[in-house]
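Everything below concerns the one structure shown next.
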Amino acid sequence: MTLLLPLVVGAALGLVLGLLGGGGGILAVPLLLVLGMSMDQASTASLVVVGIGAAAGLLMHARSGRVDWRIGLLFGLLGTVGAVAGARLSFVADDRLQLGGLVVLLLFAGWGMIRQRRPDTESDQDAAPAPNWWRAVLFASGVGLITGFFGVGGGFVTVPALVLALRMPMKRASATALVVILVNVTAAFLARGTAHLDLTVTAWISGAAAVGAVAGALLQTRVGTTPLQRGFGVLLLAVAGYETAVILAG
């Protein structure tokens, strides 16, 4: 395998993470499979890549004041139990079951993001209303379970949850989601261990992801709220289509 392809993959994943606050993980698994990894290798490596990319993007968003640390840490910490449980379940679940479940989640989340209408004048600095704590616990636990089971960062679920359930402005939600992603992938990775990790390839992809995430975070300030949210929804539906094709081909 040439080094160029892993670097391109890493940069693309980081760019999506920094710009949208999610989506890097759901793209990571299929792209890592294309690089020749097994499902267990890809889902483990994606946790490292997404975690490093999320950390890099988070530093940039935090400097701009777009991160709601209270909600982010709440979602992240509540999701750790689910992340550990999901990681354990992933090793005994059939690969097609994992991919099928991922497709269903992508379709629901993507359609919800496209349908939701947000005022173009909302500020990315606006704070979210006080959350419904029962709803927050439910969503946070679910995000953690999804992170561990599918080997993704959970941002593709976290961002819609923050926008649709907690009414957080899109740009603030995408920045805050990086906190959740970082906490959840760390917990899921510790539960999975390094048995299925290709350290060399993962290190190169992670480095490129960090650079891409910084670029994405800087680019977000130039993109409007509505295009950003709809673009996120379209991305989720596109990945759902790809995953469906993989299942049918298999």
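Every number in this text was worked out from the coordinates using simple rules, so none of it is lab data. Fair warning: this is a prediction, and the values are worked out from it, not measured in the lab. A quick note on method: Cβ atoms are made from the backbone with ideal geometry, for glycine too, and the neighbour counts reach across all protein chains shown.
Give the calculated FRET efficiency between Thr221 and Phe91 to the nearest 0.05, with a Förster radius of 41 Å applied to their Cβ-Cβ distance. Between Thr221 and Phe91 the formula returns 0.50. How far, in degrees from 0 to 90, does helix 24-34 lean away from the longest principal axis of the Cα atoms of the chain, to the nearest 10? Once rounded, one gets 20 degrees. Summary of packing: across the peptides 10-22, 77-89, 164-176, the per-residue average of other C-beta atoms within 10 Å ranks them, highest first, as 10-22, 164-176, 77-89. Each peptide in 208-220, 98-110 was scored by the mean count of other Cβ atoms within 10 Å over its residues; highest first, the order is 208-220, 98-110. Helix 133-150 versus the longest principal axis of the chain: what angle, 0 to 90°, nearest 10, using Cα atoms? Rounded to the nearest ten degrees, it is 20. Helices in the chain, meaning DSSP H runs of at least 4 residues, each add -39500 (n - 2.57). Divided by all residues, the mean residue ellipticity at 222 nm is -26000 deg cm²/dmol.
Placing unit charges on each Cβ (+1 for Lys and Arg, -1 for Asp and Glu) gives the range 4-249 a dipole about its Cα centre, and among Ser64, Leu15, Ala217 the Cα reaching farthest toward its positive end belongs to Ser64. Counting only Cβ charges, +1 for Lys and Arg and -1 for Asp and Glu, the dipole size of the chain around its Cα centre is about 580 debye. Computed on the Cα trace of the chain, the radius of gyration divided by the Kirkwood hydrodynamic radius gives Rg/Rh = 0.94. Which listed residue (Gly36, Val185, Leu138) has the Cα farthest towards the positive end of the charge dipole for the chain, taking +1 on Lys and Arg C-beta and -1 on Asp and Glu C-beta about the Cα centre? Final value for the positive-end residue is Leu138. Centroid-to-centroid, using Cα positions, the range 170-186 and the range 40-89 are 6 Å apart. Computed over neighbours whose Cβ is under 10 Å from that of Gly100, the net charge equals -2, Lys and Arg +1, Asp and Glu -1.
Relative to the longest principal axis of the Cα atoms of the chain, the long axis of helix 170-192 lies at roughly 30 degrees.
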